[in-house]
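In what follows, a single structure is set out as structure tokens and then discussed.
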Amino acid sequence: MSKQRILSGITPSGNSLHIGNYFGAVQPQIQLQHSAQTYYFVADLHALTTIQNREVLEKNIFEVVLDYLALGLDPEQCVLFRQSDVPAHSQLAVVLGNYISFGQMQRMHAFKDKLQKDTTVESINMGLFNYPILMAADILLYKPYGVPVGEDQRQHIELTRDIAENFNRTYNTDVFPLPEPLISQEVGKIIGTDGQRKMSKSLGNIIGIFEDEAVIRKQIMGAYTDPNRKRATDPGSVEGNTVFLYHDLINDNVDEVAELKARYQAGTVGDVEVKEKLFTAHQRMFAPARQRRAELAQDPERVKEILREGAQKAQAFAQQTLEEVYTVIGVKGV
Ligand code: TYM
């Protein structure tokens, strides 16, 4: 039996990934490389909704590819490519817009959130409004069984399923299998250092992976702990305490974590020591990736070559689906 196909992507809207991206999406994606046929891509055209500066976009794309490779995506095991290198993504998006209503698009969270912040539709570009349609094209082109992502992408996958169903029903076909959202209960939504909202670059509540050590240390030191604890000698709460949440994710020394939790609850350890240990665990966990990233950064030609090869493989698959769709809708046979 052939391996199940999996697809996922990352938007290069920031210049590097944070631990929310890593635990929520990238780590599961890396694990799937071995058991599934995997397609992973950098969604550069999606980034245009916010990044409209050539130098910044070019840099972000390169940085995110470096992050992805350094963290463990293996071009021998997966197809790694750039969205804009495979024109079928844009071509299918033009088609798919016809199988979803304007009303349903208006209910998408990203659009609604933006509208709430900026209060006027005049300030929202159509790229942002159409974003979920391009994302549906990204997914459906590869007919994947599942899409490993964080919780914030669930609505997009649901919309993709709606579009696929609508399309299949309209033409009485089964061209598009319905993709499953592969979202972890435990790590699908990593909370930011403010202890409240999803970790997100735009909210400034992240812990990075590849930033300078001084930056990471500062991010960790600024993390929310137990607000009711005034002194290190007060018994503290471990539940809902972001620093312990991060310890559980990052610190491979489980005995140390158990001991810190017990001391915290007993009021025999201060926040600073708990955070120092978290910083050390972060260094330990990501040191090999940082090393690999530094080496890869010296070899941009190799990175380009990986993307070129990935694009060729992705295009071969995507083009087949596009032709199938063109035939079904009636623009191919004439
Ligand atoms: P993006 O680039 O915002 O995020 C990349 C991945 O990281 C996950 N993520 C998180 N997971 C857990 N906790 C968090 N705090 C957290 N923050 C981010 C995201 O859910 C995502 O899986 N629209 C997508 C990119 C995309 C895509 C696609 C994904 C474009 N086309 C097709 C899958 C399939 C995005 O902007 O993700």
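The values are calculated or read from the model by the stated rules, or taken from the named source; none is laboratory data. Predicted, not measured: the structure shown is a model, and the values here were computed from it. Cβ atoms come from the backbone with ideal geometry, glycine included; neighbour counts cover every protein chain shown. Calculation scope for accessible area: heavy atoms of the full protein, side chains included, ligands and nucleic acids excluded. Shrake-Rupley method; radii C 1.70, N 1.55, O 1.52, S 1.80 Å.
Condition check: part of a helix (DSSP H, G or I), more than 30 Å from VAL86 (Cα to Cα), of a type in the set (S, T, N, Q) and under 23 Å from the mean Cα position of the chain (by Cα). Does GLN219 satisfy that? It is true that GLN219 is part of a helix (DSSP H, G or I), more than 30 Å from VAL86 (Cα to Cα), of a type in the set (S, T, N, Q) and under 23 Å from the mean Cα position of the chain (by Cα). Residues in the range 303-329 that are under 25 Å from ILE61 (Cα atoms), surrounded by 13 or more Cβ atoms within 10 Å (Cβ to Cβ) and among the hydrophobic types (A, V, I, L, M, F, W, C): 7 in all.
Before we move on, is VAL79 open to solvent by 10 Å² or more (accessible area, probe 1.4 Å), under 21 Å from GLN320 (Cβ atoms) and either aromatic (Phe, Trp, Tyr) or over 20 Å from the mean Cα position of the chain (by Cα) (or both)? It is false that VAL79 is open to solvent by 10 Å² or more (accessible area, probe 1.4 Å), under 21 Å from GLN320 (Cβ atoms) and either aromatic (Phe, Trp, Tyr) or over 20 Å from the mean Cα position of the chain (by Cα) (or both). Within the range 241-248, is even one residue modelled with pLDDT of 95 or more and open to solvent by 20 Å² or more (accessible area, probe 1.4 Å)? Looking through the range 241-248, at least one residue is modelled with pLDDT of 95 or more and open to solvent by 20 Å² or more (accessible area, probe 1.4 Å).
Of the residues making up the range 113-131, not a single one is in contact (Cβ under 8 Å) with a residue 40 or more places away in the chain, in the same structural domain as PHE23 (by TED's automatic domain parsing) and of a type in the set (Val, Ile, Thr). Here GLY195 clears all of (1) assigned by TED's automatic domain parsing to the domain that holds HIS46; (2) touching a helix residue (DSSP H, G or I) at 6+ places or on another chain (Cβ under 6 Å); (3) within 30 Å of PHE244 (Cα to Cα) except the condition numbered (1). Where helices (runs of 4 or more DSSP H) fall wholly inside the range 249-331, no range has 3 or more residues that are of a type in the set (S, T, N, Q) and in contact with a Lys or Arg (Cβ under 8 Å, 6 or more places away or on another chain). Consider the range 172-193 and keep the residues that are open to solvent by 40 Å² or more (accessible area, probe 1.4 Å) and assigned to a loop (DSSP other than H, G, I, E, B). The one that is farthest from the ligand (Cβ to nearest atom) is ASN172. Among residues of the range 151-168 that are modelled with pLDDT of 95 or more, those with a beta-carbon under 8 Å from a residue that is among the hydroxyl-bearing types (Ser, Thr, Tyr) at least six positions away or on a different chain give the pairs ILE163/TYR99; ASN166/TYR99; PHE167/TYR99; PHE167/THR173.
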